[in-house]
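Each remark here refers to the structure printed beneath this line.
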Amino acid sequence: ASELLDKEFIDLSRMQLRRAGELLKETAILIDFGAYNSAVNRAYYAAFHAMKAVEALDNFDAKRHIGVIQYFRQNYIKTGIFEKELSVITEQLQTARGDSDYNISVSFSQQDAKMYYAYAKKIVGAIEAYLRKKYDG
């Protein structure tokens, strides 16, 4: 039964990773379109779904965003699986997403949106490389 479960976890992980990739594409499209606040939101969600892709293999699912991020930090950054920089840029993406969604006075520039897009690509890329080894191993 555990093999079946492992396959379920891998399938869920792959779906989360695929969603992260779709969100990166949406981010790029929104930047080209000039919708910078929305691009920042999508960049955050790309990173968020990539983290959930890793956590799916552990059969971990948090009810709140902070739980997903804390689990990832605790189990994957503090343990040295991923570089510490990912913790910093995850926090910046999370703060920016909050501003883009809830702070009406915040207006992100093209430069801002491109920076957060680069952060999201870095996180998704690192996680994707890690997961490819996991899936094939």
When residue 46 is evaluated against the numbered criteria (1) of a type outside the set (S, T, N, Q); (2) under 15 Å from residue 23 (Cα atoms); (3) open to solvent by 50 Å² or more (accessible area, probe 1.4 Å), which criterion, by number, is the only one it fails? (3)
The one condition residue 116 fails out of (1) hydroxyl-bearing (Ser, Thr, Tyr); (2) surrounded by fewer than 17 Cβ atoms within 10 Å (Cβ to Cβ); (3) in contact (Cβ under 8 Å) with a residue 60 or more places away in the chain is (2)
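Could you tell me whether residue 88 is part of a helix (DSSP H, G or I) and either closer than 14 Å to residue 20 by Cα or among the basic types (Lys, Arg) (or both)? Can you show your working first?
Values: part of a helix (DSSP H, G or I): yes; either closer than 14 Å to residue 20 by Cα or among the basic types (Lys, Arg) (or both): no.
The answer is no for residue 88.
Looking at residue 124, is it of a type in the set (Val, Ile, Thr) and surrounded by 17 or more Cβ atoms within 10 Å (Cβ to Cβ)? Lay out the reasoning, then the answer.
Details: of a type in the set (Val, Ile, Thr): yes; surrounded by 17 or more Cβ atoms within 10 Å (Cβ to Cβ): yes.
Yes.
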Against the definition (touching a helix residue (DSSP H, G or I) at 6+ places or on another chain (Cβ under 8 Å) and under 13 Å from residue 113 (Cα atoms)), how does residue 62 come out, yes or no? no
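Can you tell me which residue within segment 75-108, out of those that are hydroxyl-bearing (Ser, Thr, Tyr) and surrounded by 14 or more Cβ atoms within 10 Å (Cβ to Cβ), is modelled with the lowest pLDDT? Give the steps one after another, and end with the answer.
Of all residues in segment 75-108, those hydroxyl-bearing (Ser, Thr, Tyr) come to 76, 79, 87, 90, 95, 100, 102, 105, 107.
After this cut, where a residue has to be surrounded by 14 or more Cβ atoms within 10 Å (Cβ to Cβ) as well, the list is 76, 87, 90, 100.
Working: 76: 97, 87: 96, 90: 96, 100: 93.
Selected residue: 100.
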So which residues in segment 49-64 are open to solvent by less than 50 Å² (accessible area, probe 1.4 Å) and touching a residue at least 12 places away in the same chain (Cβ under 8 Å), if there are any at all? 49, 50, 51, 52, 53, 54, 55, 56, 57
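The values are calculated or read from the model by the stated rules, or taken from the named source; none is laboratory data. The structure presented is a predicted model; accordingly, all values stated were derived computationally and were not measured. Heads up, the Cβs are rebuilt from the backbone with ideal geometry, glycines too, and the neighbour counts pull from every protein chain shown. Surface accessibility is based on the protein's heavy atoms, side chains included, excluding ligands, DNA and RNA. Shrake-Rupley method; radii C 1.70, N 1.55, O 1.52, S 1.80 Å.
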